[in-house]
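The values are calculated or read from the model by the stated rules, or taken from the named source; none is laboratory data. Just so it is clear, the model here is predicted, and its values are computed rather than measured. Here the Cβ is made from the backbone with ideal geometry for all residues, glycine too, and neighbour counts use every protein chain on show.
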């Protein structure tokens with residue numbers, strides 16, 4: 001060092017550690033500089049404003065989580081009601097599944113019938129319904145009516161036949177009815193022992209047509225080709241659209257659901273009414 005205290009003539013490398021000469025200090029980190037981080041112990045140090053902001057962020061995140069749960073719940077409700085659309089556009093297994101859901105909302109226990117005999121069977125503690133349920137691009141045909149009439153007759157015969165004389169098919173009917181809770185005896189050979197079975201024909205007619213182009217808007221095109229025969233054979237017939245309107249009208253109203261079940265139990269022929277879908281369906 002010179003007499004006037006200057007370091008101008010001193011070799012820096014001999015005076016300070018090499019890391020300082022290169023601008024680095026590995027022994028500690030400089031707060032707030034570039035890529036360097038604050039020491040861990042500073043994390044608990046917060047200004048009043050930081051604390052208020054953190055609390056506000058926490059509250060907003062909690063509110064967002066609550067809103068997400070509400071949205072998920074609403075989406076689930078929409079998905080749960082998709083079966084209503086199937087009642088007016090589906091066929092086959094998808095349509096039968098929708099019919100089963102609709103009947104359950106009306107207070108029935110529902111299960112598939114014997115394979116190839118009875119698309120569905122339903123029970124409300126009063127009458128066994130044996131259903132033909134499917135969708136079609138046009139109107140319901142006489143073969144649908146004949147099939148429905150045959151299946152309901154088989155369910156009745158199954159009850160009247162002694163157990164040791166029942167065919168495999170009749171035993172299937174009895175087994176299914178018992179699963180539903182129907183009190184079927186081994187040989188119900190008296191009228192007071194037999195539970196009434198009736199055929200119900202539910203067809204999603206003109207399933208590819210928009211609702212406002214179906215027979216409800218064009219009465220000259222019937223949903224069922226032989227309404228009188230349906231009535232003569234004590235069958236009950238309705239469309240998928242009518243079942244949808246029934247289910248929507250009944251909703252959680254047990255009295256309305258009971259009135260609908262009374263129709264299924266006693267009315268014969270093609271159902272009239274229950275076609276005002278505009279109040280429930282928006283486009």
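Restricting attention to segment 263-277, report how many residues are on the phi < 0 side of the Ramachandran plot and in contact (Cβ under 8 Å) with a residue 12 or more places away in the chain.
10
Does segment 145-163 contain any residue that is within 30 Å of residue 214 (Cα to Cα) and either outside the structural domain of residue 240 (by TED's automatic domain parsing) or not in a helix (DSSP H, G or I) (or both)?
No - not one qualifying residue is present in segment 145-163.
Would you mind stating whether residue 161 is surrounded by fewer than 20 Cβ atoms within 10 Å (Cβ to Cβ) and closer than 24 Å to residue 228 by Cβ?
On the way: surrounded by fewer than 20 Cβ atoms within 10 Å (Cβ to Cβ): yes; closer than 24 Å to residue 228 by Cβ: no.
Taking the combined requirement at face value, the residue does not satisfy it.
Could you check how many residues of segment 224-259 are assigned to a helix (DSSP H, G or I) and either buried (at least 21 other Cβ atoms within 10 Å of the Cβ) or not assigned by TED's automatic domain parsing to the domain that holds residue 140 (or both)?
As a first pass, look at segment 224-259 and keep what is assigned to a helix (DSSP H, G or I): 227-232, 240-250, 254-259.
This time we only want the ones that are either buried (at least 21 other Cβ atoms within 10 Å of the Cβ) or not assigned by TED's automatic domain parsing to the domain that holds residue 140 (or both), so: 230, 240-247.
The qualifying residues number 9.
As an exercise: evaluate residue 29 against (1) at pLDDT 75 or above; (2) not in a helix (DSSP H, G or I) and give the number of the one condition it does not meet.
In the conditions (1) at pLDDT 75 or above; (2) not in a helix (DSSP H, G or I), residue 29 misses (1) alone.
From the set of residues in segment 176-196 that are surrounded by 13 or more Cβ atoms within 10 Å (Cβ to Cβ) and out of contact with any strand residue (DSSP E or B) (no Cβ under 9 Å at 6 or more places or on another chain), which is modelled with the lowest pLDDT?
188
Checking the conditions here, which among 52, 61, 43 is at pLDDT 80 or above and over 35 Å from the mean Cα position of the chain (by Cα)?
Of the residues listed, the single one that is at pLDDT 80 or above and over 35 Å from the mean Cα position of the chain (by Cα) is 52.
Scan segment 160-186 for residues that are under 30 Å from the mean Cα position of the chain (by Cα) and either free of Cβ contacts under 8 Å to residues at least 60 places away in the same chain or closer than 16 Å to residue 117 by Cβ (or both) and jot them down.
Within segment 160-186, 172, 173, 174, 175, 176, 177, 178, 179, 180, 182 meet the criteria.
Take residue 201 and decide whether it is modelled with pLDDT of 90 or more, under 21 Å from residue 89 (Cα atoms) and assigned to a strand (DSSP E or B).
Values: modelled with pLDDT of 90 or more: yes; under 21 Å from residue 89 (Cα atoms): yes; assigned to a strand (DSSP E or B): yes.
Yes.
I'm checking my understanding of the structure. Among residues of segment 127-144 that are part of a helix (DSSP H, G or I) and either in contact with a helix residue (DSSP H, G or I) (Cβ under 9 Å, 6 or more places away or on another chain) or in contact (Cβ under 8 Å) with a residue 12 or more places away in the chain (or both), which one is surrounded by the fewest Cβ atoms within 10 Å (Cβ to Cβ)?
The extreme case among them is 142.
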